[in-house]
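FYI, it's all coordinate maths here, none of it is from the lab. Fair warning: this is a prediction, and the values are worked out from it, not measured in the lab. No Cβ is skipped: glycine too gets one built from the backbone with ideal geometry, and neighbour counts run over all protein chains shown.
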Amino acid sequence: MPKLTRWFIKTALVYLILALALGLVLASAGIFPQPFSVGGLTSVYFHLFMVGWVTQLIFGVANWMFPTLNREAPRGSETLGWATYYLVNAGLLLRAIGEPLLASGGAALWAILLVLSSALLVIAGLAFLVNNWNRVRGR
Amino acid sequence: MPRLTVWSIRAALLYLLVGFTFGQLMLYNKGIPINGALWRLLPAHIEFLLVGWIGQLALATAHWIIPRFRGGVYGNLKLAWLSIILLNSGILMAGLGPVLNTPRWVVLAGRIAEAAAVLVFAIYIWPRIRPLGQEP
């Protein structure tokens, strides 16, 4: 299993744990008093699960299992692969921090975090597409 | 990788990019409001990423990876292609309907097409799901 795949999959597992823990917090919000506001956390919960866990797991397995490109660069550009990893995780973390803070009436700084997060995530998607488009091919 | 898988995974990659872009626009709008109408992208964002990206990638990979019949035969490929065409028509109708403000039956027709696509795919792939070494 390539190093990048291992990082994608292990990070995806961490996000799965985080998403389920957050789901627990959200489920207990109406039952137990919370020391903080849970506003904005539902969206974070969905994205930790669907982007952090599911999509990142797919990115990792695709990097490993898609047909190789050529002998020199079997998995496409290593740089683009790692860029996808860092961009998707940075984008997701910024969102997970910025969204609840903005929902609880935070400063303009949190709004800027969301804008930055949105840009990082879309560039991550583009980097993955560009790096894998030619690996999706017939024999 | 068979031709249907190539087309289907490439379509899934495009849905990933468009779905992320719609999400980006809404998230930007959440941080710095530019236009409230951007929230109309939410159904397309969800449809494209859940069904177009993840769902389609799973079906395309199943077509590729699940054991084939003797001689490398995939089965009834017409059914497989019908399924992928129905799925993508459904995703576009159900996803873009609310964005383009189409009549509600368009979204309903899209969802019916998606359900039919999965049913057709299940009928197509069913005989290939069997114990190791057992040839049908």
| task | Report whether or not B:Gly52 is buried (at least 18 other Cβ atoms within 10 Å of the Cβ) and not hydrophobic (A, V, I, L, M, F, W, C). | result | yes
| query | Considering only helices (runs of 4 or more DSSP H) fully contained in the range A:24-139, which possess at least 2 residues that are within 14 Å of chain B (Cβ to nearest Cβ) and hydroxyl-bearing (Ser, Thr, Tyr)? | reply | A:41-47, A:108-132
| The listed residue being outside any helix (DSSP H, G or I), within 23 Å of A:Gly40 (Cα to Cα) and not charged (D, E, K, R), out of B:Pro33, B:Pro43, B:Pro67 | B:Pro33
